[in-house]
Amino acid sequence: MQTKHQDLPKNWELEKLEDGRLALNMGPSHPAMHGIVRVLLTVQGERVADSDIEIGYLHRGFEKTCENVTWNQCVPYTDRLNYVSPFINNAGFALAVEKLMGIEATPRCQYIRVIMSELSRLTDHLTCIGANAMELGAFTVYFYLINAREALYKLTDSVAGGRVTPAYARVGGLTRDLPPDFGQRTDEVLKVVRKNLDDADRLLTRNRIFYDRLHGTGTVSKEDALAHSFTGPVLRSTGVPLDVRKATPYLVYDRFDFDIPVGSNGDNYDRYLVRMEEMRQSMRIVEQALAQLPEGPIDLPDFGVTLPPKEQVYGNIEALMAHFKLTFEGVKPPAGEVYQAVEGGNGELGFYIVSDGTGNPWRVRVRPPCFTLTGGLSKMINGGYIADIISTFGQINMIGGELER
């Protein structure tokens, strides 16, 4: 039996506005929205007349969870913020706690944190460009870049013992030192990354279809980007050379020679070019850091901060007590508050922490780069085509783990 149109519920079809425009939902089930972002669109034909971005489809509670564990126990949770570049998250949180305690990691530890952070930046950018290219139909490029990422994952896995969630940093040090053959293996892996990056460059950069999909789409002005607190490649694509590694150097970044690539148009194509060049600069930093890598301990020789060596725990009562207290009570920064920022894969990643002098954080607040970028997405997609949302959303590289509030 056929159902008459008037018998159907009133909301069975798309909402039609009085002027002929339509209200559409894109996400959260849309594949390009990754299941955690909903874009409410008002469209006129194929054009986006207006949009509203709704996050909140992923609830992890990072900040409140951290307030119920010790400072070092927060480190595995930082892995889940941006799970494509976890070493940067680890280093940023450890630096914040160390800043509050007024301590500084050993030189070797600082160099290793830089190396692992830049390898993480490579995996982050490779994932962003590869996934975005795949969503636009360039499937071969995805395989090139993900194969390069796989080589990096195997390298970092050999260091930290964890493929995606390494939890490598600790307050005052690291979980373990680099393997003896790390330098040689890194040289081999970077050769693979450069080759695959060059292959992707030849396939994409002057590809007419890819260029037309990105050039002139998702454009944002320098003034609007600054007003929305954009950072990272999206801000640098507008011509603003802001990079935390240069603006407020941390670790040993001031000892390396590297450039900050910038664009001029503030569109998706410039963001792609900026990320491509940033990967080459990250490899420069890694090679310089390996060449300068000093010998020495990776942990501070302070039993009030880092765990004593096992051999001392078994034969020294002071070491045994320190091991017990650090394991159960954790480090105890003095009462106070600090903010520490690092340059994440998508921009400024900041940790604001408050201590009441106990072994548990009193307050942890994260400044995730994706939050402001997603908040300004409407500015970039309004007036464009519906299809352009895919390229724009891909180029801001939204990561749900750090987006959730």
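Quick rundown of the values:
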quantity: Which numbered condition T127 fails, given (1) surrounded by fewer than 21 Cβ atoms within 10 Å (Cβ to Cβ); (2) at pLDDT 95 or above; (3) farther than 20 Å from I399 by Cα; calculated: (3)
quantity: So A319, is it surrounded by 15 or more Cβ atoms within 10 Å (Cβ to Cβ), in contact with a helix residue (DSSP H, G or I) (Cβ under 7 Å, 6 or more places away or on another chain), touching a residue at least 40 places away in the same chain (Cβ under 8 Å) and within 30 Å of P179 (Cα to Cα); calculated: no
quantity: Count - residues of the range 259-280 that are crowded, with 18+ Cβ neighbours inside 10 Å and of a type in the set (S, T, N, Q); calculated: 1
quantity: Answer residue from the range 341-394, given it is within 22 Å of G102 (Cβ to Cβ), over 21 Å from the mean Cα position of the chain (by Cα) and of a type outside the set (A, V, I, L, M, F, W, C) and is surrounded by the most Cβ atoms within 10 Å (Cβ to Cβ) among those; calculated: P361
quantity: Qualifying positions in the range 90-110 - among the β-branched types (V, I, T) and buried (at least 21 other Cβ atoms within 10 Å of the Cβ); calculated: V97
quantity: Residue count for the range 211-251, restricted to those that are buried (at least 16 other Cβ atoms within 10 Å of the Cβ) and either in contact (Cβ under 8 Å) with a residue 60 or more places away in the chain or within 25 Å of V97 (Cα to Cα) (or both); calculated: 21
quantity: Residue tally, condition of a type in the set (K, R) and in contact with a strand residue (DSSP E or B) (Cβ under 7 Å, 6 or more places away or on another chain), over the range 351-405; calculated: 3
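Per-residue answers, yes or no, for (1) modelled with pLDDT of 90 or more; (2) of a type in the set (F, W, Y); (3) assigned by TED's automatic domain parsing to the domain that holds Y153:
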position: L40; (1), (2), (3): yes, no, no
position: R80; (1), (2), (3): yes, no, yes
position: F87; (1), (2), (3): yes, yes, yes
position: F93; (1), (2), (3): yes, yes, yes
position: E98; (1), (2), (3): yes, no, yes
position: E104; (1), (2), (3): yes, no, yes
position: I112; (1), (2), (3): yes, no, yes
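The values are calculated or read from the model by the stated rules, or taken from the named source; none is laboratory data. Since the model is a prediction, treat every value here as computed from it, not as a measurement. We place every Cβ from the backbone using ideal geometry, glycine too, and count neighbours over all the protein chains shown.
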